[in-house]
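Just below is one structure, and these are the notes that go with it.
The values are calculated or read from the model by the stated rules, or taken from the named source; none is laboratory data. These figures come from a predicted structure and were not determined experimentally. Cβ: placed from backbone, ideal geometry, glycine included. Neighbour counts: every protein chain shown.
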Amino acid sequence: MILPLFFLLIFSKIRYSRRGKDGAYKVIKEKLQLTLEGAFPFTSEEEHRLVKLREKEQTSTFEVAFCGHFSAGKSTILNTLLGAEVLPTSPIPTSANIIEIKNGIQGLTVHSKEEEPKVWHGEIPWNKVREWGMNGHAISKMTITAPLPFLGDHSCILDTPGVDSTDETHEAVTVEQLYTTDAIVYVMDYNHVQSETNLYFLKQLSLEKKLIYIVVNQIDKHNEEEIPFSMFKRSMEDVFGNWGIKYMGLYFTSMKNQSHSLNQFPIFEKQLKSLLYQSKQLSESTQLRLEHGFYHAVENRLQEEKLDSVSELLTEMKEKGFQTEQLHEEQELSEQLHDLTNYEEKYWEHFDLELGKLFKNVTLFPATTTDKARDWIESLQPDFKVGLLFAKKKTIEEQERRLEKLTSELQDKIKSQLIFHIQSYFQKVDRTQLSNAKEFEEAYGNLSFEVTGEYLKSRVLTNHSSREYVYTFTGEITSSIVREFREKTRALQQLWIQGIKEFIQIEIRNLEKRLDRFKEIKQYSEKINRVENEYGALIEDVQDILKQFPLDRHFQDQILKAMEGTYPEEKKAAFTNVILAQESVIEAEEMTEREVRNIDFSEEDTLHWLSNVKKALYKHQTTTILAQERNQLLDRIERYEKQTFIISLFGAFSAGKSSFANALLGAPVLPVSPNPTTATVSTVQQATEQYPHGTVVVYVKSRQSLEAEIQSVSEQLDVKLSLETISSWTPNMKVFISSWQKTYAEYLLTIKESLAGTDWKLGSERSVSVDDLQGLVADESKACLIEKVFIYYDAPITKKGIVLVDTPGVNSIHGRHTNVAFQQMRSSDAIFYLTYYNHAFSKADQYFLQQMAKVNESFQHDKLYFVINAADLAGSEGELHGVRKHVHDQLLRNGIQEPRLYHLSSKEGLKAKKENLGIETTFSKFERAFYDYTILELKQLSLTMITSELKQFVNKANDSLLFMKEETTTKQKKHEELKIIVQEQTLKVENASLTYAVRDVLHEFEQLVLYLRERMRYVLSDYFGTAINVSVITGNSKKELQEQLVAQIKEWRGLGEYFLKQELEATVIRMEEAIKERAKKWLADEATLLQKELPFLYVNQELSMDPIQVDLDDLHIKIETGNYLSFIKSKKDFFENGMVKNLKEVLVADGVEKSSFLIKDSSERYIQAFEESFVSVEDELKVQLKVAIINELRRFEALFDQGEQSSLEEEFETLRKYLI
């Protein structure tokens, strides 16, 4: 319905009437309200919002809401503004409901969700305020009043839950409150300025025309040496501009160090308090602003609905064969005519697509059915007997019982896996269209198959029961059954095709007639015009209303003037008798540190001892006897002296990994990237002759690597791009709805622009200085083309052989970087997982931790260290202990048993080293613990291996000398005996097999795959709330809501795929370690058997094994997002009427089904890779054993040369002393 004309006249007077008497203004508003709410087709959400606006108008209260990340410091800033520790502060989530601060006599009102409000006057139970503030389930709101003159009697401050809290109710509370809030102070911490949560939320606020003030807190984290402040600020402003985020003020603050040169809190405090106090003059303007935002949203909704309605009509036209252009219509009808003319071919294509795929992939013998088949086959073996008395009868009864169980379950599988699907396919046949309906129905009724005991008995070989035969048998039965069904269904398909022929002919004639006329298209044209006119009139009315509002700049001028005004200073503390907690709200007692055992190991003594051993070995290096063993021992010693230890740094973007690495190095070597999308692996190691100190080698991505990256990222947008096609890609950025879609698209555009403008050759490398590196990483147009960086730098830590590897953030946008993380785990001697002091673990972090825990368990020693960085931000010892306990508990919950957890400050650590302070810091304490615990332990392990080999060498030398002293005839006799033993043992090695080891590993893999299938249901369900919630489904029209839903389903799908890839990567590493473990055990067992005949046989126990690689680029959960649009009609229906729960149930079920297919396909590929790996390993180990046997024969033959006896004796006596 169109708005009456007088409504516009009334509304146009508002700007002027408000300057008049309040009574006249009220009359106008009443008429406006009646006209608006009685005549205009508002949605239920808009009506709810109107109610909120009317309630707001009655109070005329100017509201400033503090929003942002839960740990950004909202409450700390508010407490400083209020002059007392009134609100709970914590580096972990605390605020769970709205806390309202007003001016007045000190008092408190607690609004309960189920009880009447409770009121306190004067004295406030401060010890309870914090507790209630964190209780979002029972308490909905708290109002605190106190003598705060800068608030006047017309304004208030609101503290809201964190917009990124993991509690979904927190998010809903925050969004609901913002309907009627006049101004938003959005607080973000320094490390999360470009967080997608921040950007998306601010974007929504901007669309609502909210008055936004952005506060970047914790600016004291900024390090000018890492990135100039001007560059950081410009990068941030560019991002805000790209996202269309408009704000009135931008402030950088530090509540910890208020004397910091970049701290603008005094400016922020003055301007905010002035705004609050002067807001009485703004009440009508701000109310207009709220209504302006409301009508702007209504206009957007109407525009979207108009497009929806037109789109629906066009869809209907297409369904009936009409288009606006006759030529296009004729083309479409001609295509339909062509399809019907060739209907037989089309029907068979459909048959092959639907049933052909079913017959190809059907599983009639899953694990449980296969087990029953195995049980039955085993009972048919000659040696199978049951009982002592009447054994034959009992045996036959047992065989029949097992056969009955098998036939019963197999019959069920045939029904569920074949018959039901076939029936479903043919149930779609419209019998009314068939000329042979009766014949068709008879054939359809015969779609059955009865499994009998005789059927199975006639096909089984009773003298076989191996695992392989069971699989052969079940495969043959499956093939036989499928073959019979294929024949029956093809015959039924042929009946369908024959029976529908007459109907098709009629349809063809009808199409030919329709091609001659287009009269009916007129009614659709009229409907479309009517929709456009009706909505056009409504939109025009709303646009006329919007024209009556003041221009944005007029409102902004008023705001700026208010911000420059004055406000009354507090003469005394606003709050009295506030019981300030001595500790944080997360106060905890100090945790008991994990006891680190002292390692009795001296590096200096070890190097001295090794030098003596090496000198003795080198002196006799020309001796041919034991030459191979001697060289092996020298090689082992040299490797110890040149030993390197790879330390990998893991953690989320902005966890401070680069700063931590710089503190380890004692200098700002690694650059700090401002781009969370950039993912470069940086390695720092000791300088070499080829690469002197300070050299940086930058490796540009190869064509293959960049091709894979472009394909991986573009597939997340449902776009197919390659290195060749990206240059012509010109996307419509409006189609990318969600924050992650925008991030992906912008990253691809950056690559496109970089490729067009760069002179770098793909796959090349270039040397730069450490100083130049920061510029490369900070410039995303260059950073996006960098694959990896090697930095050669001499520092105390690198001179000890330690190599630092800084990995991409685990929350990098590129799923392929999962491979980087897990590949790095393979090669690392230790892994430092960093988390920032006031950052909680996201769901993705938690899943990654769980996977790391499982992989870590498969290694021979614990590689994981967990570091809470920036611990200097702690407000007190108690708060620090609380954060440690929180992180410790999170690690335990995610499968990390007995985590080695350290807290430190990279900033303090670097400062202490640069200034040579010579004091112990939390950082130096960690370094010492790590070096003593891990590096010395690894060195001790290497020394143990050297000592063991030295003992073997000395014993073998002694045996050789004894042989050389024997009579010639005795030696010749032993030599002949040895040749026979060598021949026999070589043959045994050739006939040995790793079969049992292969079986064990594959059995373990099957268990992990089964667990993964079950796990996917939980993960997809868990991620549903992350991707689809009230903060992202915000559209004002059905079309907009559907677009947002589609975008978020894609995000949900991407999260599931990312987890699945991670889980498979983690599983592969566990399998690799299992293969190594079993292979080494097999080698040790074989060596022990050989040493019974050859006591001094030396076998090289080292195993070289290439990582198992399986391409997972095609691992995509193929969910058709358009299939779920019917679940959303409006926000109210979706969230309040439970449609979101229905969607979750259906979507998760579909996702589980699709992912199960992916897991099955991937597991088959992995099994093949495992089997190939075992073949390669077996060949290698057999070679090592045979080489060892031949070497023993050669040693004996060399002992016939008496000329080297004195040299060997001298060597033996010297080395024996070093073993004492």
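All of S435, S424, S408 fail the test of being part of a helix (DSSP H, G or I), modelled with pLDDT of 85 or more and of a type in the set (G, A, S), apart from S408.
For the residues S416, S408, the requirement of being more than 30 Å from Q498 (Cα to Cα) and under 46 Å from the mean Cα position of the chain (by Cα) singles out S408. Please go through the stretch 734-775 and pick out each residue that is assigned to a loop (DSSP other than H, G, I, E, B), more than 30 Å from A1027 (Cβ to Cβ) and touching a residue at least 12 places away in the same chain (Cβ under 8 Å). Answer for the stretch 734-775, where residues must be assigned to a loop (DSSP other than H, G, I, E, B), more than 30 Å from A1027 (Cβ to Cβ) and touching a residue at least 12 places away in the same chain (Cβ under 8 Å): T758, W760, K761, L762, G763, S764.
The listed residues are S206, S261, and the only one of them that is in a loop (DSSP other than H, G, I, E, B) and either among the hydroxyl-bearing types (S, T, Y) or out of contact with any strand residue (DSSP E or B) (no Cβ under 7 Å at 6 or more places or on another chain) (or both) turns out to be S261.
Filtered by the rule that a residue be out of contact with any Lys or Arg (no Cβ under 9 Å at 6 or more places or on another chain), modelled with pLDDT of 90 or more and under 30 Å from Q823 (Cα atoms), the stretch 1107-1156 gives a lone residue, E1153. With the checklist (1) over 23 Å from A1084 (Cα atoms); (2) hydroxyl-bearing (S, T, Y); (3) surrounded by fewer than 18 Cβ atoms within 10 Å (Cβ to Cβ) in hand, flag the one item Y1023 doesn't pass. For Y1023, the failing item is (3). Test of understanding: among L1045, L1064, which residue is under 23 Å from Q204 (Cα atoms), in contact (Cβ under 8 Å) with a residue 24 or more places away in the chain and under 21 Å from the mean Cα position of the chain (by Cα)? Sole residue among the options that is under 23 Å from Q204 (Cα atoms), in contact (Cβ under 8 Å) with a residue 24 or more places away in the chain and under 21 Å from the mean Cα position of the chain (by Cα): L1045.
Considering the stretch 239-264, and only residues there that are of a type in the set (G, A, S) and either more than 13 Å from L207 (Cα to Cα) or not assigned by TED's automatic domain parsing to the domain that holds I184 (or both), the residue that is surrounded by the fewest Cβ atoms within 10 Å (Cβ to Cβ) turns out to be S259. Remark: pairs (first residue in the stretch 1091-1102, without any contact (Cβ under 8 Å) to a residue 60 or more places away in the chain; second residue of a type outside the set (F, W, Y); Cβ separation under 6 Å; 6+ apart in sequence or on different chains) = Q1091/L1097.
In the stretch 798-838, the qualifying residues are those that are among the hydroxyl-bearing types (S, T, Y) and at pLDDT 75 or above, and the one that is surrounded by the fewest Cβ atoms within 10 Å (Cβ to Cβ) is S827. No other residue among L333, L282, L327, L290 is modelled with pLDDT of 80 or more and either farther than 21 Å from A65 by Cβ or under 40 Å from the mean Cα position of the chain (by Cα) (or both) apart from L290.
Applying a threshold of 7 Å to beta carbon distances and a minimum spacing of six or more residues, or different chains, the list of pairs starting in the stretch 700-726 at a residue that is of a type in the set (D, E) and ending at one that is at pLDDT below 85 and buried (at least 20 other Cβ atoms within 10 Å of the Cβ) reads E709/H814. Being assigned to a helix (DSSP H, G or I), under 49 Å from the mean Cα position of the chain (by Cα) and acidic (D, E) is a property that holds for E484. In the stretch 613-624, the residues that are within 13 Å of E1209 (Cα to Cα) form Cβ pairs under 6 Å with partners that are assigned to a helix (DSSP H, G or I), at six or more places apart or across chains, as follows: A616/T1214; A616/L1215; L617/R630; L617/L634; H620/S1207; H620/E1211; T623/E1204; T623/S1207. Within the stretch 1172-1186, the set of residues being of a type outside the set (S, T, N, Q) and touching a residue at least 40 places away in the same chain (Cβ under 8 Å) comprises F1174, V1177, E1178, E1180, L1181, K1182, L1185, K1186. When restricted to residues that are surrounded by 21 or more Cβ atoms within 10 Å (Cβ to Cβ) and either under 20 Å from the mean Cα position of the chain (by Cα) or free of Cβ contacts under 8 Å to residues at least 24 places away in the same chain (or both), the stretch 865-904 contains 5. When F232 is tested against (1) in a loop (DSSP other than H, G, I, E, B); (2) surrounded by 18 or more Cβ atoms within 10 Å (Cβ to Cβ), exactly one condition is not met: (1). Residue check: V1032 meets all listed conditions (1) in contact with a helix residue (DSSP H, G or I) (Cβ under 7 Å, 6 or more places away or on another chain); (2) part of a helix (DSSP H, G or I) but one, namely (2).
Matching residues to (1) surrounded by fewer than 18 Cβ atoms within 10 Å (Cβ to Cβ); (2) of a type in the set (K, R):
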residue: G909; (1), (2): no, no
residue: A929; (1), (2): yes, no
residue: K965; (1), (2): yes, yes
residue: Q983; (1), (2): yes, no
residue: V989; (1), (2): no, no
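All conditions in (1) crowded, with 19+ Cβ neighbours inside 10 Å; (2) closer than 17 Å to A783 by Cβ hold for K742, with the sole exception of (2). The stretch 331-390 holds helices (runs of 4 or more DSSP H) entirely within its bounds, and those carrying 2 or more residues that are under 19 Å from L492 (Cα atoms) map to 343-351, 357-361. Criterion applied to E724, E780, E715, E709 was being more than 22 Å from V1046 (Cα to Cα) and touching a His at 6+ places or on another chain (Cβ under 7 Å), and the one residue passing it is E709. Cβ separations smaller than 6 Å between residues 6+ apart or across chains give the following pairs from the stretch 376-393 residues that are in contact (Cβ under 8 Å) with a residue 60 or more places away in the chain to residues that are assigned to a loop (DSSP other than H, G, I, E, B): I377/S465; E378/S465; L380/T462; Q381/S465.
In the set (1) of a type outside the set (K, R); (2) in contact (Cβ under 8 Å) with a residue 12 or more places away in the chain; (3) more than 28 Å from I1117 (Cα to Cα), E689 fails one condition alone, (2). Inside the stretch 905-941, residues that are touching a residue at least 40 places away in the same chain (Cβ under 8 Å) and aliphatic (A, V, I, L, M) make up a count of 5. Quick check on L961: is it surrounded by 13 or more Cβ atoms within 10 Å (Cβ to Cβ), in contact with a helix residue (DSSP H, G or I) (Cβ under 8 Å, 6 or more places away or on another chain), assigned by TED's automatic domain parsing to the domain that holds V1148 and assigned to a helix (DSSP H, G or I)? Here the answer is no, as L961 does not meet what is asked.
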